[in-house]
1. Rounded to the nearest 0.05, what FRET efficiency do GLU189 and GLN120 have when you use their Cβ-Cβ distance and R0 = 30 Å?
2. So what is the orientation-averaged projected area of the chain, using the convex hull of its C-alpha atoms, in nm²?
3. Can you list residues whose amide H is under 5 Å from GLU207's amide H, if they're 5+ apart or on another chain and H is modeled 1.01 Å from N?
4. As I understand it, the dipole of the stretch 100-197 uses +1 on the Cβ of Lys and Arg and -1 on the Cβ of Asp and Glu, about the Cα centre. Which of GLY133, GLY176, MET146 lies farthest toward its positive end?
5. Provide the net charge surrounding VAL166, with neighbours chosen by a C-beta distance below 15 Å and charges set as Lys +1, Arg +1, Asp -1, Glu -1.
6. To the nearest 20 Debye, how big is the dipole of the chain about its Cα centre, given +1 on the beta carbon of each Lys and Arg and -1 on that of each Asp and Glu?
7. Using the crude model of +1 on Lys and Arg Cβ and -1 on Asp and Glu Cβ, and no other charge, please compute the dipole size for the stretch 104-245 relative to its Cα centre, in debye to 20.
8. Among SER297, GLN267, PRO236, pick out the residue whose Cα is farthest towards the positive end of the charge dipole of the stretch 218-326, where Lys and Arg carry +1 and Asp and Glu carry -1 on C-beta, about the Cα centre.
Amino acid sequence: MGFSSRLLLLILCIFVAILTEHSFCSSSKEEVSEVPVDFLKFAQTPEFSDWIVSVRRKIHENPELGYEEFETSKLIREELDKMGIPYKHPVAVTGVVGYVGSGEPPFVALRADMDALPMQELLEWEHKSKNPGKMHACGHDAHVAMLLGAAKILQEHRQLLKGTVVLVFQPAEEGGGGAKKIIEEGALENVKAIFGLHVDPSLPVGEVEGRSGPLLAGSGFFEAVISGKGGHAAIPQHSIDPILAASNVIVSLQHLVSREADPLDSQVITVGKFHGGGAFNVIPDSVTIGGTFRAFSKEILMQLKQRIEEVIVGQAAVQRCNATVDFLSEEKPFFPPTVNDKGLHDYFLKVSGDVIGTKNVKEMQPLMGSEDFSFYQEVIPGYFFFIGVKDAKAAKPVSVHSPYFKIDEDALPFGASLHASLATRFLLQSVSETPLVNQNNHDEL
Ligand SMILES: *[C@@H]1O[C@H](CO)[C@@H](O)[C@H](O)[C@H]1NC(C)=O
């Protein structure tokens with residue numbers, strides 16, 4: 001950078017500083033980074049840490065499935081009441097939407113998902129799930145605790161808020177499409193941007209990972225019933241065998257990705273469910289198969305949907321079977337791909353770098369997993385990132401959705417202060433009218 005451009009930058013900085021009282025140019029870095037640095041210190045005090053850990057443990061002990069998060073929702077409202085934060089409830093059955101700040105625009109949203117998984121916790125510890133067959137194995141208990149932590153930080157520092165932070169406690173992320181219902185109930189009206197996070201058990205505590213553009217795949221589900229004609233296993237000529245037909249269907253489905261997709265475009269089709277027959281010597285009447293498909297654009301998802309149906313029906317017919325295919329659009333709506341706004345990515349790098357140090361902010365590769373946060377990003381610019389919760393004492397990290405899933409609770413204050421910092425500075429910067437959001441991000445698909 002030449003002397004004249006530095007001079008120009010300096011003049012610009014002074015100008016912006018006068019306009020907004022809060023400059024974001026590098027020449028006044030200390031002043032700027034005070035906001036997030038204070039937040040982390042605040043969240044790491046023993047009093048705050050003990051509280052946020054106890055909140056997470058209460059939710060962990062009482063996991064509830066999508067749209068049944070009644071006790072979780074009650075706990076959230078009780079904590080918000082204690083903080084003196086107003087909220088709307090119910091939103092999307094069990095959801096809670098809180099408001100911190102001036103009550104005036106601009107609005108920025110932070111989101112946490114509340115639901116657990118239908119699986120038995122096998123990890124033995126003091127705060128193990130008390131609900132048989134239900135477990136917070138995807139860290140949504142931590143997400144809720146982190147957002148309540150952010151609420152507490154923001155409320156304590158509300159004089160800093162140049163606008164309003166919308167706290168979205170969302171039900172039913174695990175396939176229920178709770179985000180879609182939250183939007184339908186108008187919770188994001190006038191909101192300029194939304195941030196969300198997810199725990200990552202392979203990333204050390206104090207680190208985060210993010211990416212600009214496509215981050216997580218879009219997904220759909222299917223279930224097919226393949227009908228033949230049951231009979232004695234030793235007299236196949238009098239039967240129509242749906243087990244063999246379903247097996248060929250599954251093999252043919254594999255060719256959609258290997259032979260019809262662009263090898264440079266990532267797609268997945270997995271059949272995870274195969275139910276048929278119950279005896280060694282009986283050909284059953286029918287077989288039910290089910291699975292999921294993933295892709296990084298809505299267009300490809302729709303193509304896959306069409307081909308999955310054609311292949312199942314066509315391949316079943318080759319073997320004289322009939323097939324019906326259901327894409328379960330009510331119970332398991334399609335998730336769009338999760339695509340991070342470019343402007344918000346740059347902003348995230350800056351703010352999280354100030355909170356936890358630039359070296360702890362990592363660039364990540366896209367994943368074929370999916371997230372209903374993507375519904376928000378279809379409506380307003382949004383940013384989704386991952387936060388380290390790795391249990392340093394564990395021999396090897398236990399993945400999400402494992403019955404032994406475990407997090408290091410020291411991560412909770414990091415999540416709370418990152419959320420709070422991202423929202424606070426977003427509002428400050430919105431007031432300064434620096435364009436943050438790159439509205440064109442969907443073109444990258
Ligand atoms: C398939 O459907 C046709 C038309 O309804 C029916 O005639 C046939 O018996 C069915 N075949 C099997 C194997 O279910």
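Where a number appears in this text, it was derived from the coordinates with a stated rule and is not lab data. Since the structure is predicted, the reported quantities are computational estimates derived from the model, not experimental observations. Virtual Cβ from ideal backbone geometry, glycine too; neighbours counted across all protein chains shown.
1. Working: r = 40 Å, r/R0 = 1.34.
My answer for the efficiency is 0.15.
2. Working: hull surface 97.9 nm².
The directionally averaged projection comes out at 24.5 nm².
3. Residues meeting the criterion, in which the H sits 1.01 Å from N, are GLY388.
4. Towards the positive end, the residue furthest out is MET146.
5. Values: positive: LYS88, ARG111, ARG158, LYS162, LYS192; negative: GLU104, GLU185, GLU189.
With Lys, Arg at +1 and Asp, Glu at -1, the neighbours total +2.
6. Details: 39 positive and 57 negative charges, 89 e Å.
Taking the Cα centre of the chain as origin, the dipole is about 420 debye.
7. Values: 12 positive and 18 negative charges, 51 e Å.
Using only the charged Cβ atoms, the result is roughly 240 debye.
8. Of the listed residues, the answer is PRO236.
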